[in-house]
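Let me begin by presenting the structure, written as C-alpha cells, before commenting on it.
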C-alpha cells in the first residue's frame with residue numbers, strides 16, 4: 001500500500017487499531033479501512049511494546065473516549081446478552097441499532113473496568129464476559145467479539161486467557177487481530193505461565209493476514225524471553241520471508257529480536273530503523289509522487305520515535321551507539337530529547353546495578 005505525497009504530517013501512529021478490515025464505532029456504521037504500510041502508518045505496530053507498558057492505554061486507543069451513561073455494569077452486561085436483531089452488516093452499509101447498542105455497551109464496560117478494584121467483582125465481571133463471548137456472539141460479529149476479548153484481557157482473571165487464546169484459529173482476520181491485541185493487554189503481573197500465549201504468538205507471526213502477523217511480531221517481543229529459542233526462530237523466519245510478509249512485520253520482528261538480544265535484529269534496528277538516511281529511502285519508496293523534504297523529515301521522525309519507544313530494553317551496544325549518535329547529531333528536537341532521556345535512564349540503571357554489586361554483604 002502506498003501513500004500519497006500530500007498526506008498530512010499529522011497522520012501519525014495510533015498504536016493498536018482495531019479492526020483493520022472494518023472500522024466501527026459504537027454509534028456509527030462499518031466502513032472499509034485499508035491496511036496500513038510502514039510508509040503510511042510507520043509506527044502503527046512498532047509502538048505496541050511501549051503501549052503495553054501503559055496498561056489499559058491499549059484498550060483506550062481501541063475503544064476511544066466515550067462519555068457513556070451513568071448505568072451500572074450489570075445493565076451493560078444485560079445489553080450484551082441481547083440479540084443483534086436482523087443483522088450487524090446490512091445492505092448499503094447499514095446496521096441494526098441493536099448491534100450498535102451492543103458494541104456501545106462493550107465500549108462503556110471497557111471504560112468502567114479500570115475503576116473496579118475489588119477482586120471478587122473483577123472475577124464476576126470476567127466470568128460474565130466470557131459467558132457472553134461463548135454464548136451471545138453470533139458468527140460474523142467479529143468487531144464485537146474483538147472488543148470482548150480485549151475487555152476480558154483487561155481484567156486478567158482466571159480463565160480469561162484461555163478464552164482469548166481459544167479464538168486464535170478464527171477464520172476472521174479481525175478476531176485474530178483481537179486475540180493479539182488481547183494478549184498484549186494481558187496484565188504483566190499475571191503472565192506466570194506464558195507457554196500457551198507464546199505458542200499462539202509464534203503461530204500468528206506467520207499468519208496469512210499481514211496485519212495479524214505484524215501485530216504478533218510486535219507483541220512477541222514483550223512476552224518472550226532471551227532464552228526462548230522457538231520464538232527467536234519464528235521471528236528470524238519472519239525476517240527471511242520477504243515475499244510473504246510486509247514491512248510492518250519485518251520492522252516489528254527486528255525490534256522484537258533486538259529486545260531479546262538477537263544480533264541480527266539488533267543490527268537491523270541500528271542500521272535501518274534508527275538510521276535517518278535509510279528511513280528516508282523507505283519513506284520515499286512507499287509514496288506516490290514527490291515528497292517535500294519537510295514531509296520526509298516528519299515521516300522519518302515518527303519512524304525514529306516509535307522505534308526508540310522500544311529501545312530501552314534492547315541490550316546490544318550497536319543500538320546504544322546509534323542512540324548516542326542521534327542524541328549528539330540529529331537535528332530533530334523530539335528525537336534528540338527522546339534519545340537523551342533514554343541515555344539518562346540507562347545511566348541511572350547502570351548506576352543502580354553498580355551500587356548493588358559494590359554493596360558489602362551484611
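All of the numbers you see were taken from the coordinates with simple rules; none came from a lab. Just so it is clear, the model here is predicted, and its values are computed rather than measured. Because the Cβ atoms are built from the backbone with ideal geometry, glycine has one as well, and the counts that use them run over all protein chains shown.
Worth a mention:
- For the stretch 208-362: rounded, prolate or oblate by the Cα gyration tensor [a/c cutoff 1.5]: oblate
- Potential lengthening between residue 336 and residue 313 on full extension [0.36 nm per residue; Cα-Cα distance subtracted]: 6.4 nm
- In percent, rounded to a whole number, the relative contact order of the stretch 117-182 is 35, using alpha-carbon pairs under 8 Å and six or more apart.
- Cα gyration tensor shape for the stretch 142-230, rounded if a/c is under 1.5, else prolate or oblate: oblate
- Here residue 75 and residue 120 are evaluated by their C-beta separation; at R0 = 25 Å the FRET efficiency comes out at 0.80.
- Relative packing of peptides 311-318, 102-109, 268-275, 345-352 - highest average C-beta neighbours within 10 Å first: 102-109, 268-275, 311-318, 345-352
- Overall, the anisotropy analysis places the stretch 194-277 in the oblate class: the square-rooted eigenvalues a ≥ b ≥ c of its C-alpha gyration tensor yield a/c not less than 1.5, with a/b not exceeding b/c.
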